[in-house]
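Notes for the one structure printed next.
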Amino acid sequence: MKAPLTQLVDAAVDGSARARQTRAAARLMTLLESEPQRLPEVFAHLPLEAWPRPRLVLGITGAPGSGKSSLVDALIAEYRRRDPEMRIGVLAVDPSSPFTGGAILGDRVRMMRHAEDPNTFIRSLASRGHLGGLSLGARGVMRIMGLIGCEFVIIETVGVGQSEVEVAGVADQVMVVLAPEQGDSIQMLKAGLMEIGDLYVINKMDLPGADRLRTALLGMLSFAGAPTMAEANHKSHQPDEERREVLMASANSGEGIAELVDELDERTAGQAETWQSHRDEAVIAEVRDAVLEDARRRLLASFTADEIAADELRRILVGELTVGNVSERLLEAALQTLRVPGTPDKTRVE
């Protein structure tokens, strides 16, 4: 028998039994990944002001091969070395299997040395083909990580280039990871990556070309006067040199990792309260997305692709009908199916 959502929330908040708390959190994350529209039910059971919140939600993105997962692994190790009691959450968004829709779990494999650490919670999430790199359940999973006391939450995205911009709307800070000898000029031309960064890290600094890449990146950023995507989402942010700093590191050797954590700690000390305020404000947007997701699922459940007649599709091809004509017909049919008897024909919230 499945435990009610309220029981899972209570168990996730209760830190007196760590194993029970972790199991409850995992079940909540699974629920919100498959049914993200239920996130408001969690808020309804536990008032927002009572929610434990992470001090920092760090988004990490970058081109494939830049060493994002290795850098995440090194960051976890450094944070845990500094504070053994600190709880860390990692949301690793993996590409989806085209057959099952599940995550490939590659990031978990690369972070196996932290698998037995009770204070490190690593969760792989399938992108499910979502172009922003984050599935709709990502916000809910991030919230649950805060609920179980994770002070530092990392969201590592798939890393497919321009489609990664959505991470800027979820994270407090976005770290863009680059590496030498990975097509430097092409990397920096990917505006979808370069415009969302609050912090840039050149990983694999021990490889030839790292200094050249840093110089080129600094030159490009010095001419970038427009606000970043994160600044657009967090309106209180103002562009300045400190926020656009470029750091060098090597996840394999550990060089530069301590300095990177120092930089993150400094930013967190100055802006943690502001970031938490922004996350609280984002709840309304999350509830809106939950309503739209529930509406989408209900519409899909009311009809199947088979209801789109082949004749209609042929008429679209020859210009007798438009895609909009057919989709409107399907929506009207779905609304007739979903409408509760006795309600007005015009469905609206009074």
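Tabulated values for the structure
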item: Ranked list, fewest to most other Cβ atoms within 10 Å of each Cβ, for Phe152, Phe43; result: Phe43, Phe152
item: Vicinal HN-Hα couplings computed from phi for region 69-74 (Karplus, 6.51 cos²θ - 1.76 cosθ + 1.60; Hz; Gly/Pro x); result: 5, 5, 5, 4, 4, 5
item: Exposure proxy ranking, count of Cβ atoms within 10 Å, fewest first, for Glu255, Glu273; result: Glu273, Glu255
item: Neighbour-count order for Asp73, Asp198, Asp83, fewest beta carbons within 10 angstrom listed first; result: Asp83, Asp73, Asp198
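Bear in mind these aren't lab numbers, they're just calculated from the coordinates by the rules spelled out. Computed from a predicted model, the values in this text were never measured in an experiment. Note that we place each Cβ from the backbone using ideal geometry, even for glycine, and neighbour counts take in every protein chain shown.
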